């Protein structure tokens, strides 16, 4: 089978696509990876052929503020609107045109893209007979409209009463006015450039409802209950880390089980300021000799941290999660979706502190599922972190809840399920 992979050039979006690609290549399928030149070198790691996005979709987003200096002056909904318009919607016509060019010489039966690679929309809105089967891989929480009418991206838990549903109405209207309507109007212009009509549903509903298959990289137990899960949605568990990740550090032997391990990360996007989470976590645990605190810097050097490291701290630019996470007792994170799911797949309870991007929603799901503590801020104090980490270490309920979710992950053979769904999509017989 020929399969075209497409990925937004951000690690949290690309890594799940690479994992799927590695599975496909291992089973003898021919794979082409279409993403930005900045990420293209990773295609060889999975045995795929690389084709770069067409300009100007060929963006280097490894440093968002360097790519778009005006972004650093924006906050809140203004920054979120900017992100959607510039990172995800501006590339749409060029991504779509690129797919069509590739398909002329590489007639793929299936196109698999992360659910933010909206260049698939012009194909999905066109004639089904003129495109391959399209599979979206969900790399964030399930973003289609909720039954309780909660506002998009706001981190609200499921409404339990009619009164709570009514409370959600005003913030929902505000989000629609300030965010959703402006970005949908912007997207419609980009779709028009591709020669297709405007969407008649939310773009986030479309990303879930329009593809032939939607593979969601989590389990139903970490997603809010719905009266009806959309038909294309299939939960596939935790996708493994892609090939080519970092090697274990020179201090790897210290993670021998003699000390409990607290792992802290700010991921690769919201990591401009390590005083938000990594620095305070190291300080919070600095007087705990029976605890080893491990931090990964999302690619930045260790000297980006201010001040001397505590004696019980170990820091690296990157760490291989498949090696590290089985040794971790508590994960402290700003709520990156892939990292949270990898931890929960191993039954690791969490302390989460994130409010940007999709992190408020991910953090809210941690609290709702009972698998950890949501600090509801991206800049918790040292004292707040200390208490939260101690609670998660010593209150058995968090680990028990994480173990329940881990059992649900363990019940899914992710590789088998991914291959089954890709094959089913290729026959359009879902």
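Key figures for this structure:
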| quantity | calculated |
| --- | --- |
| Odd one out for residue 82 among (1) touching a helix residue (DSSP H, G or I) at 6+ places or on another chain (Cβ under 7 Å); (2) part of a helix (DSSP H, G or I); (3) touching a residue at least 24 places away in the same chain (Cβ under 8 Å) | (3) |
| Residue satisfying all of: in the stretch 256-267; crowded, with 20+ Cβ neighbours inside 10 Å and not in a strand (DSSP E or B); modelled with the lowest pLDDT among these | 267 |
| Single residue of 9, 16 found to be in a helix (DSSP H, G or I), under 21 Å from the mean Cα position of the chain (by Cα) and buried (at least 21 other Cβ atoms within 10 Å of the Cβ) | 16 |
| Elements of type helices (runs of 4 or more DSSP H) in the stretch 155-242, at least 2 residues being surrounded by fewer than 20 Cβ atoms within 10 Å (Cβ to Cβ), at negative phi and touching a residue at least 40 places away in the same chain (Cβ under 8 Å) | 181-193, 203-209 |
| Members of the stretch 26-71 found to be under 17 Å from residue 299 (Cα atoms), loosely packed, with under 15 Cβ neighbours inside 10 Å and touching a residue at least 40 places away in the same chain (Cβ under 8 Å), listed by number | 60, 65 |
| Contacts under 8 angstrom Cβ, first residue in the stretch 412-425 being touching a residue at least 24 places away in the same chain (Cβ under 8 Å), partner in a helix (DSSP H, G or I), 6 or more apart | 415/23; 418/20; 418/23; 419/23; 419/24; 422/20; 422/24 |
| Conditions (1) under 23 Å from residue 328 (Cα atoms); (2) assigned to a helix (DSSP H, G or I); (3) in contact with a strand residue (DSSP E or B) (Cβ under 9 Å, 6 or more places away or on another chain); (4) touching a residue at least 24 places away in the same chain (Cβ under 8 Å); number of the one not met by residue 405 | (3) |
| Residue 139, sole failed condition from (1) touching a residue at least 12 places away in the same chain (Cβ under 8 Å); (2) within 19 Å of residue 54 (Cα to Cα) | (2) |
| Yes/no for residue 152 being touching a helix residue (DSSP H, G or I) at 6+ places or on another chain (Cβ under 6 Å), closer than 18 Å to residue 361 by Cα, surrounded by 14 or more Cβ atoms within 10 Å (Cβ to Cβ) and touching a residue at least 40 places away in the same chain (Cβ under 8 Å) | yes |
| Flag if residue 387 is out of contact with any strand residue (DSSP E or B) (no Cβ under 6 Å at 6 or more places or on another chain), part of a helix (DSSP H, G or I), without any contact (Cβ under 8 Å) to a residue 24 or more places away in the chain and assigned by TED's automatic domain parsing to the domain that holds residue 77 | no |
| Boolean, residue 61 is under 26 Å from residue 182 (Cα atoms) and part of a loop (DSSP other than H, G, I, E, B) | yes |
| Boolean, residue 256 is under 27 Å from residue 378 (Cα atoms), in the same structural domain as residue 406 (by TED's automatic domain parsing), free of Cβ contacts under 8 Å to residues at least 24 places away in the same chain and out of contact with any helix residue (DSSP H, G or I) (no Cβ under 7 Å at 6 or more places or on another chain) | no |
| Residue list for the stretch 390-402, restricted to those being surrounded by fewer than 13 Cβ atoms within 10 Å (Cβ to Cβ) and either touching a strand residue (DSSP E or B) at 6+ places or on another chain (Cβ under 7 Å) or without any contact (Cβ under 8 Å) to a residue 24 or more places away in the chain (or both) | 394, 395, 396 |
| Residue match in the stretch 94-110 (condition: modelled with pLDDT of 95 or more, within 15 Å of residue 204 (Cβ to Cβ) and surrounded by 15 or more Cβ atoms within 10 Å (Cβ to Cβ)) | no |
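The values are calculated or read from the model by the stated rules, or taken from the named source; none is laboratory data. Quick caveat: nothing in here was measured; it's all calculated off a predicted structure. Quick reminder, even Gly has a Cβ in these numbers, built from the backbone with ideal geometry, and neighbours come from all protein chains shown.
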